[in-house]
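The values are calculated or read from the model by the stated rules, or taken from the named source; none is laboratory data. If you're wondering where the values come from, they're calculated on a predicted model, not measured in any experiment. Heads up, the Cβs are rebuilt from the backbone with ideal geometry, glycines too, and the neighbour counts pull from every protein chain shown.
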Amino acid sequence: MSTLSSLSSVSGLTPSAASQSTNPTPTLDQADFLQLLVTQMTSQDPLSPESDTDMAAQMAQFSSLQASTNTETDIEGLQANALLGQTVSVASTGSPQTGAVSSVQMQSRSEPQLIVNGQPYSLSQLSAIFPTTTSTTPATTK
């Protein structure tokens, strides 16, 4: 909590106002964490600095955050790849679009894009997955 106190005393903003002005989303990301850590380091009292164990704990938290973010991205990619060939419905600006997922595009650690009817859609736009029907033809014997 001292980190937020330091940030508010340096910037003159309350913690909620500081997070609202720099980050419109309600969650903290890696950049926010590093910014708070740097602010804490630069505004600490030189006569009684933070202990090295506190800094090590904060770096461990940062590493954990980074690993969690990477895992989330990997899971999203697996979910998108599992939809290849599936018939889905996606929310669009007009009416919902229904079609088969023909491919998945991954752009460097960002949310995967499902290609449906030639148009890219994010996983968050996915509204339904329909069962894939397969036609079977009876085997003929000679």
Selection over region 88-105 where residues are modelled with pLDDT under 85 and either touching a Phe, Trp or Tyr at 6+ places or on another chain (Cβ under 6 Å) or surrounded by 14 or more Cβ atoms within 10 Å (Cβ to Cβ) (or both) yields a count of 1
Selection within region 66-97 - under 15 Å from Ala128 (Cβ atoms) and either under 11 Å from the mean Cα position of the chain (by Cα) or part of a loop (DSSP other than H, G, I, E, B) (or both): Leu83, Gln86, Ala91, Ser92, Ser95, Pro96
